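Since the structure comes first, as structure tokens, the remarks are kept for the end.
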Amino acid sequence: MRKRYVLLVLTILVGLALLAVDNYTQEINTTLSENQAAEADYYGEGLYNRRFNAQGQLEQTFAATRSTHYPLTNSTVFNQPRINVQDEDGQYWLVSAAEGSMNDKDDLLRLRRDVEIRPQQEDAPEQVNIQTPALDYYTRAQLAITDQPVVILHPSSRMTAIGMRIDLKKQRMELNAKVNTRYVPQ
């Protein structure tokens, strides 16, 4: 009779040990699959994209030094994104930042860190430079919006504001709040 109890206790202990091992291996597999899902599925170096209008004319170019796509969030992160936009007068504007991200399903490019908007011509006598820490750029509408502080530098003036909306195609800018201008005649 004692042998039966010993055998029963040993069987229960072995069963509990097997359950513990199974539970432990499921935790490891769950952690691994979560880490794998957060990993990028592809990378790109030297990305360059051109967009043309309905008449076949170049409307906008997009470049980035590196792109990384994440399947879990359906988004792409860009290093040093640069957008060249042509306005209605034929002048090109450059929108650049240290980093940006874009969801696969929409046309919103979120630019972050050292965002700058300026005319493409470096030698323009009335060079304007718009700076902000973050900007949302709608690629199809060529519309840039921010609720962050904005600094607009011009050779003879400095303007600051909180929030901005700029239509790069029509060269129309709206400053939202706390607009302050300092003009220094030359």
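Observations
- Going through (1) 39, 17, 12; (2) 31, 19, 13; (3) 58, 20, 12, the figure that equals semi-axes √(5λ) of the Cα gyration tensor in Å as computed for the structure here is (3).
- Separation between Cα centres of segment 121-186 and segment 75-96, rounded to whole Å: 14 Å
- A simple charge model with +1 on the Cβ of Lys and Arg, -1 on the Cβ of Asp and Glu and nothing else charged puts the dipole of the chain at about 680 debye relative to its Cα centre.
- Placing +1 on the Cβ of every Lys and Arg and -1 on the Cβ of every Asp and Glu, with nothing else charged, gives segment 97-186 a dipole about its Cα centre of roughly 280 debye.
- Size of charge dipole - segment 41-102 - debye, nearest 20, with Cβ of Lys, Arg +1 and Asp, Glu -1, no other charges: 180 debye
- Computed lengthening from Ala177 to Ile145, 0.36 nm per intervening residue step minus Cα-Cα distance: 10.2 nm
- A Gaussian network model of the chain, with springs between Cα atoms under 10 Å, assigns the largest mean-square fluctuation among Ala54, Ala64, Ala17 to Ala17.
- Using a Förster distance of 30 Å, the FRET efficiency for Gln55-Ser75 (Cβ separation, nearest 0.05): 0.40
- Label-point gap, in nm, between Thr11 and Val128 - each point 7 angstrom along Cα→Cβ: 8.6 nm
- Residue-wise HN-Hα coupling along segment 63-77, computed from phi with Karplus coefficients 6.51, -1.76, 1.60 (Hz; x: Gly, Pro): 9, 8, 6, 7, 10, 9, 9, 10, x, 4, 9, 6, 9, 10, 9
- Angle in degrees between helix 2-37 and the longest Cα principal axis of the chain, rounded to the nearest 10: 10 degrees
- Of the residues Val21, Val6, Pro81, the one whose Cα sits farthest towards the positive end of the charge dipole of the chain is Val6 (charges of +1 on Lys and Arg Cβ, -1 on Asp and Glu Cβ, taken about the Cα centre).
- These residues, Glu39, Glu59, Glu174, Glu45, go from largest to smallest accessible area, 1.4 Å probe, as Glu45, Glu39, Glu174, Glu59.
The values are calculated or read from the model by the stated rules, or taken from the named source; none is laboratory data. Given the structure is predicted, the values throughout are model-derived calculations rather than measurements. All Cβ positions, glycine included, derive from the backbone under ideal geometry; neighbour counts span all protein chains shown. Protein only, heavy atoms only, side chains kept; ligands, DNA and RNA dropped before computing areas. Shrake-Rupley method; radii C 1.70, N 1.55, O 1.52, S 1.80 Å.
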